[in-house]
1. Counting only residues that are in a helix (DSSP H, G or I) and open to solvent by 50 Å² or more (accessible area, probe 1.4 Å), which one in the stretch 475-495 is nearest to Thr440 (Cα to Cα)?
2. Can you name every residue in the stretch 336-355 that is of a type in the set (A, V, I, L, M), outside any loop (DSSP other than H, G, I, E, B) and surrounded by fewer than 22 Cβ atoms within 10 Å (Cβ to Cβ)?
3. Of the residues that make up the stretch 371-380, is at least one open to solvent by less than 50 Å² (accessible area, probe 1.4 Å), at pLDDT 85 or above, assigned by the TED database to the domain that holds Ile327 and not in a strand (DSSP E or B)?
4. Which strands (runs of 3 or more DSSP E) sit wholly inside the stretch 135-243 and have at least 1 residues that are open to solvent by 80 Å² or more (accessible area, probe 1.4 Å)?
5. With (1) open to solvent by less than 30 Å² (accessible area, probe 1.4 Å); (2) more than 15 Å from Ala448 (Cβ to Cβ) as the list, and Asp331 as the residue in question, which single condition is left unmet?
6. Return the only residue of Val311, Val321 being part of a helix (DSSP H, G or I) and open to solvent by less than 10 Å² (accessible area, probe 1.4 Å).
7. Does the stretch 45-54 hold any residues that are without any contact (Cβ under 8 Å) to a residue 24 or more places away in the chain and either surrounded by 13 or more Cβ atoms within 10 Å (Cβ to Cβ) or in a helix (DSSP H, G or I) (or both), and which are they?
8. Cβ-Cβ distance below 7 Å, separation of 6 or more or different chains: which pairs start in the stretch 387-409 with a residue that is open to solvent by 10 Å² or more (accessible area, probe 1.4 Å) and end on one that is hydroxyl-bearing (Ser, Thr, Tyr)?
Amino acid sequence: MLLLWVTFLLSSCLSGAQAWGGWDFQNDRIRKLEALGIQEEKNLLVLTATTLARVLNETRFLMVEFYNPLSKQSQNLIKEMGKAVDIMGKENPGVLFGKVNITSEKLLKQEFAINDVPTVKLFIEGHRQWPIDCRGVIEAAALVTWLRNQIRQSIVLLTNREQTKAFINSRKLIVIGFFEDLHEGTVELFYDLVKDFPEVPFGMIEKRDLWIRYGITIDTMVVFQQGKIVHFEECEEDSHILRDLSKIVKFFTMDLVIEYNIETMDQIYDMHIRNHILLFISKNSTEFDALVKIFELAALEFKNKLIFLIVNTDEIHNIHVLEYFQIASWDIPSVRILNLTKSMKYQMPADEITFKNLKNFCKDFLDGLAKQQLSSENIPKDWDTKPVKVLVGKNFKEVVFSHRRNAFVMFYAPWSYECKSLLPVLEELGKKYQYHESVTIAKIDVTANDIHQMFLEKYPFFKFFPAKTDLVVPYDGEYNLDAFINFVEKEIKSQMESEEWTFEQEESDEKEDLSIQDWGKIKEEL
């Protein structure tokens, strides 16, 4: 089941991601650039004296090529810089790449003393006074290697309480490593981790007196959010620990609500939190913005406990995901929870998506009280002792396609108000036919039993299954006792007439066979 879910994630190819504060990265990136008055050419931001300062405020690392458009070397390096953007990933807000035309931006040429072209400089933490020159690197892979090395060297060594406190409060998200040795051992894993997260400031503490303040006794990575500790992770000299550390940092760098797709799939699956809550909704629906806001409020309430995902049901590539969670078109919008560790699915027990209903659903799940969405519930011991028989996935086909009795079945959701109001009516119908020789009245919870959607409609709905055939007759009349009785009686009569016709036809066929035999004898006698 877990492999199946991962496969569905891989097949989902939506256009979202999670940078610069928006859950649809591509659109947010375009809007952000437009707001800053910046153009983009071949993956590189076109920077001017006006826009450079704006971009420096948006990222920790900004790599800029100062070029002359008439220089062949400049044009070649622009191509390699564009490739470097693809390697690092456009979705990473911690690193941006830009270019400055020195023939038109003479003030920038003078400010940064550009004498040779092309020249590449790296600006760190928004400081324009001390950019680092990247000399002699002209290929994309080498540019990325050099950049990651600079990111690794950006770790801040914290030596006293005041400095540490200021560092922790400097950004929304901070990661600090507490290590006995800053040159070898487990600290090497920390160095490898840092280069993959340019958007996150990292610090290191070696002094034991600072360890005590945070209750640290062994090498440990600590994550701070809004100045508060949100995660401790002890480090060991094991190559596997690097993957675990990476999962943890990835989780805290992602948005509260994520649209999952081919770009975010790896990050989602690699997170250390294995409980996912999914909102299935049409991106073009009129209620989209309102429901996403409600979803975000719930995500804030259960931060670090559940991963909140949005599934765009307009996207054709999501058809398999909808089938996996048994989501029909009339169920949209809908909410589900998936526990990846045990491959268990849960459906929110409410028709309306409100903050209160979402909160109760999440709380019940975390408290172990949520009802699991199973392929089939267990068959109740008394399933056939009452007027209305109780069907589940395990006995559904055996009863409705038994070819021995007719079956009139209600397909319902236990939390639907309309379904609840009709259950007493079904009970009266069941009493009328409780001792009937050929009719069974039954019900099945379609939210807890997988019947492979062979008859799935908007619940509640009713079907009549005639005996001695695999045909299914849908009910489209009024939802009241008299209408149900008239329908059942009509179907019983129709079936009896069909059986009589079949019997008469068989008798006629037999007589025809006898007459043929008699004519044969006459011919022999002649």
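The values are calculated or read from the model by the stated rules, or taken from the named source; none is laboratory data. All values derive from a computational prediction rather than experimental measurement. Here the Cβ positions follow ideal geometry from the backbone for every residue, glycine too, while neighbour counts run over all protein chains shown. Please note that ligands, DNA and RNA were not included when accessible areas were found on the heavy atoms of the full protein model with its side chains. Shrake-Rupley method; radii C 1.70, N 1.55, O 1.52, S 1.80 Å.
1. The initial filter retains those residues of the stretch 475-495 that are in a helix (DSSP H, G or I), namely 481-495.
Now drop any that are not open to solvent by 50 Å² or more (accessible area, probe 1.4 Å), which leaves 481-482, 486, 489-490, 493-494.
On the way: Leu481: 15, Asp482: 17, Asn486: 15, Glu489: 12, Lys490: 15, Lys493: 15, Ser494: 17 Å.
If we take residues in the stretch 475-495 being in a helix (DSSP H, G or I) and open to solvent by 50 Å² or more (accessible area, probe 1.4 Å), then Glu489 is nearest to Thr440 (Cα to Cα).
2. Residues of the stretch 336-355 that are of a type in the set (A, V, I, L, M), as a first pass: 337-338, 340, 344, 348, 350, 353.
Adding the requirement that they be outside any loop (DSSP other than H, G, I, E, B) leaves 337-338, 344.
Correct list: Met344 only.
3. no
4. Values: elements: 156-158, 173-178, 202-205, 220-225, 228-234.
Of the strands (runs of 3 or more DSSP E) lying wholly inside the stretch 135-243, those with at least 1 residues that are open to solvent by 80 Å² or more (accessible area, probe 1.4 Å) span 156-158, 228-234.
5. Unmet for Asp331, out of (1) open to solvent by less than 30 Å² (accessible area, probe 1.4 Å); (2) more than 15 Å from Ala448 (Cβ to Cβ): (2).
6. Values: Val311 fails: part of a helix (DSSP H, G or I).
Being part of a helix (DSSP H, G or I) and open to solvent by less than 10 Å² (accessible area, probe 1.4 Å) holds for just one of Val311, Val321, which is Val321.
7. Scanning the stretch 45-54 gives Thr51, Arg54.
8. Qualifying pairs under 7 Å: Lys389/Thr440; Gly393/Ser375; Gly393/Ser376; Lys394/Ser376; Val399/Thr440; Arg405/Ser438; Arg405/Thr440.
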